[in-house]
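What follows is a set of notes on a single structure, which appears directly below.
The values are calculated or read from the model by the stated rules, or taken from the named source; none is laboratory data. Bear in mind the structure is a predicted one, so any value in this text is a computation, not a measurement. With ideal geometry, Cβ positions are generated from the backbone for all residues, glycine too; neighbour counts draw on all protein chains shown. Heads up: the accessible areas ignore ligands, DNA and RNA and are worked out on the full protein's heavy atoms, side chains in. Shrake-Rupley method; radii C 1.70, N 1.55, O 1.52, S 1.80 Å.
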Amino acid sequence: MKIFLLIIVVLRLSGCAYAQSRQEDFTTAEIENSSDIIKGNLLSNHPLGMYISRINHNFRVRSVEKYSFSLEVSSANVMLPYVKSYELTDRTDRNLAAAVVWYNREFLFDLTEIPSKTIEFNADGIIRSYKFTFALALTVNHEFNIGLRSYSLDKGQYPFSFLTSDESIEWFHSNIAGGEDPFSRRYYGLNKAGIKFKDENGTFITMQNGDFRVPGIEFNYFYYPNLEINKTKKIYWNFGAHIGVNISKYNPVTDIGISSSAIKKIIVKDKNILSVGLSAGALRQRFIRFGDGANISNQLFLYSFEGLIDYKKKLKNNNTISYGINYAFQTSYNKKTDFEHVILTGQRIKTHWQQTLSHLYHNLEGWNIICTYSVKKFSYFIYAREDLKLDNAPDLQTGMGIKMSMK
């Protein structure tokens with residue numbers, strides 16, 4: 001009798017272990033095959049950053065099955081009134097300027113005679129980005145993709161810029177939050193387009209209404225390791241290597257970078273999936289030079305970080321819809337310590353007048369809200385980006401895209 005009971009206990013435990021193993025296999029397959037995050041190019045349409053091959057962080061847990069294509073379009077409103085800066089070169093002048101708050105430095109010196117390097121910058125209009133990406137599976141764990149990025153500038157009138165037009169943004173400021181004309185759009189005039197940047201060497205970057213640019217091509221390799229922690233904890237890693245060839249006359253260089261992401265997957269109600277991801281990257285600028293250009297950024301490295309929370313719901317027809325919140329961080333384009341001896345001049349119309357150049361010395365942050373609908377081979381996504389710290393470059397950005405994956 002005891003032997004009979006022992007056999008029953010062993011069989012039941014074996015059955016439980018087998019069922020648990022099958023459930024784990026099902027969960028792993030569900031996560032890896034049908035729950036990958038479709039995340040578009042959420043980088044800001046920055047009037048200078050467009051010429052640098054910045055890292056778009058990856059939160060996938062495996063390579064595409066065969067290959068995929070994606071096409072994305074975004075629209076961003078930028079308003080940066082004309083500001084001129086004087087970077088002091090004399091040590092005594094630098095020490096004096098560093099002891100004074102930045103908005104009073106202008107009144108301490110005779111700017112016509114003081115030794116300095118000057119920068120001038122202003123940008124206004126709707127910057128649109130167009131990103132095409134082709135991804136190819138090398139193996140289940142290895143992926144290669146190539147991306148082409150391009151941009152245009154226009155005045156952003158209705159109906160092509162419904163959310164990002166000057167009228168829409170200033171209506172929001174006047175009626176909901178921000179106050180009346182906080183960034184001087186109405187003062188300088190609505191629906192204008194133009195970008196002009198002059199570096200300390202006298203090199204210009206210009207862009208006019210209707211201009212179209214193709215600043216660069218990007219090559220990315222991703223490795224998705226197969227680890228025990230994938231099955232036991234539903235935690236996944238990926239590693240990326242990035243090469244950006246900037247082909248514009250304004251920044252003829254090749255940048256290289258690395259990135260890594262960690263993603264935790266949680267099954268909710270047997271079919272829905274909650275994903276939480278963290279990603280970090282580093283971009284080495286000007287690794288190879290093949291010409292002279294403008295001094296867009298004096299940092300050797302740009303570091304970036306992203307956090308993502310995504311909830312994917314499986315619908316009755318086996319299609320899926322997902323909602324995500326993304327936080328993006330990038331270190332400043334220029335060295336923060338340089339701001340201690342910089343004098344800014346411009347029309348002090350509003351309290352944010354200095355942001356045109358001062359934001360280049362501060363870390364950049366942005367929040368994105370993402371929605372994706374996937375059906376068979378196609379995924380359609382939209383997003384909105386806002387800079388809650390009021391870097392205002394850009395102020396508001398919206399985007400949409402389509403991805404086709406071949407299995």
The range 270-370, relative contact order [Cα under 8 Å, separation at least 6], %: 27 percent
Estimated FRET transfer efficiency when R0 is 25 angstrom, pair ALA241-ILE382 (beta carbons, to 0.05): 0.25
Hz values of 3J(HN,Hα) by residue in the range 203-217 - Karplus curve (6.51, -1.76, 1.60), Gly and Pro given as x: 8, 9, 10, 10, 8, 10, 3, x, 5, 10, 10, 10, x, x, 10
Listed candidates (i) 1.06; (ii) 1.17; (iii) 1.43 - label of the one calculated as Cα Rg over 2.2 N^0.38 Å: (ii)
Relative contact order of the chain, defined on C-alpha pairs under 8 angstrom at six or more residues apart (%): 21 percent
Accessible surface of MET400 - all protein chains present, 1.4 Å probe, nearest 10 Å²: 120 Å²
Rounded to whole Hz, the Karplus (6.51, -1.76, 1.60) HN-Hα couplings of the range 40-49, x for glycine and proline: x, 7, 9, 5, 6, 7, 7, x, 9, x
Size of electric dipole in the range 23-406: Cβ of Lys, Arg +1 and of Asp, Glu -1, about Cα centre, debye, nearest 20: 1160 debye
Computed label-point distance, nm, for sites ASN295 and LEU163 using a 7 Å Cα→Cβ extension: 3.8 nm
Nearby aspartates and glutamates by direct alpha-carbon distance to LYS131 (threshold 17 angstrom, same-chain neighbours under 8 apart not counted): GLU72, ASP211, GLU218
Cβ-Cβ FRET estimate between SER174 and ASN317, R0 fixed at 35 Å, reported to 0.05: 0.20
Angle between the chain longest axis and helix 166-175 axis [Cα atoms, degrees, rounded to 10]: 80 degrees
Size of charge dipole - the range 212-355 - debye, nearest 20, with Cβ of Lys, Arg +1 and Asp, Glu -1, no other charges: 680 debye
Selection from GLN208, THR164, ILE256, by position along the positive dipole direction of the chain (Cβ): ILE256
